[in-house]
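The values are calculated or read from the model by the stated rules, or taken from the named source; none is laboratory data. Quantities reported herein were computed from a predicted structural model and do not represent experimental measurements. Virtual Cβ from ideal backbone geometry, glycine too; neighbours counted across all protein chains shown.
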Amino acid sequence: MSARCPKNPKHKVFLTTAHEVHEWEVDPDGEFIKDLGCSMLAAKPDTGNIWICKICGSKAIQEN
């Protein structure tokens, strides 16, 4: 899969979602204290996601 901007082929950076697993510091009741950062990636960006051109905001066209 490859993404391209429909407005300008020179636009090569896109925004989409990924799912990270973060390790948290918590109190004895499980209440959040501090985010220790990403410990692993649960799901990479997917072709089923919406991809948006970071430069102009257009919805990307996904091609095989």
Looking at the stretch 44-58, which of the residues that are more than 11 Å from the chain's Cα centre (by Cα) and modelled with pLDDT of 95 or more is surrounded by the most Cβ atoms within 10 Å (Cβ to Cβ)? Cys53
Every residue in the stretch 1-16 that is of a type in the set (Lys, Arg) and surrounded by 12 or more Cβ atoms within 10 Å (Cβ to Cβ), please. Arg4, Lys7, Lys12
Name every residue in the stretch 19-64 that is basic (Lys, Arg) and touching an Asp or Glu at 6+ places or on another chain (Cβ under 7 Å), in order of residue number. Lys34
Taking the stretch 17-40 and keeping only residues that are outside any strand (DSSP E or B), surrounded by 10 or more Cβ atoms within 10 Å (Cβ to Cβ) and either over 13 Å from the mean Cα position of the chain (by Cα) or basic (Lys, Arg) (or both), one is left with none
